[in-house]
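Every number here is computed from the coordinates shown, using simple stated rules; none is lab data. Just so you know, these numbers come straight off a predicted model, no measurement behind them. Here the Cβ positions follow ideal geometry from the backbone for every residue, glycine too, while neighbour counts run over all protein chains shown.
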């Protein structure tokens, strides 16, 4: 059986594109071609917040960390309020020492140190101490014994109860420095070694 050749026909569904008609180029200054163009499509503006979930997470973490730091600083400021008041009272004590007797000045300084000690230590550990025992207790917080040796021992120890002249306190600068050192050791609470 012999095949017969069919005449050429375009396949069904295949449409040939019509060739565009050639027109003459527009005249210079003719805006009809430009009027047929569409405007440039601009992308929408990005949203202001959040630009990215990572940025949002880091921002929230930063705000939380800042709040935590500020909270800790405020707590420390509040915790140090008695310390600042004691330092102010110690400065007032130093100004008033020349006009007071040695016994009165020693009693005032002992009362100041005892009040601060009662803030940081149990009452039964501090309240019953007096004289040399209280001076030894004060020395426990310091690296070098200051209150039980030298002129501070005579003023704050048991020797202060002995009969003495009622003149002004001669070693007020050393006592004030020792008290300031003890207060600095208790600025944020009782030292670990006591």
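Across all directions, the average flat footprint of the convex hull enclosing the Cα atoms of segment 81-185 is 6.0 nm². Assuming a ≥ b ≥ c are the square roots of the Cα gyration tensor eigenvalues, decide whether segment 39-137 counts as rounded (a/c under 1.5), prolate (otherwise, with a/b larger than b/c) or oblate. Taking the square roots of the gyration eigenvalues as a ≥ b ≥ c, segment 39-137 is prolate. For the listed peptides 67-76, 131-140, 116-125, a ranking on the average number of other beta carbons within 10 Å per residue, highest first, reads 131-140, 116-125, 67-76.
Projected label points at residue 55 and residue 38, each 7 Å from Cα along the beta carbon direction, are separated by 3.0 nanometres. Our analysis of segment 58-103 gives Rg over Rh at 1.45, with the two radii drawn from alpha carbon positions and Rh computed by the Kirkwood formula.
Remark: the residue 124-residue 72 segment gains 15.7 nm on full extension, using 0.36 nm per residue and subtracting the alpha carbon distance. Full extension of the chain between residue 85 and residue 144 yields a length gain of 18.7 nm, computed as 0.36 nm times the residue separation minus the alpha carbon distance.
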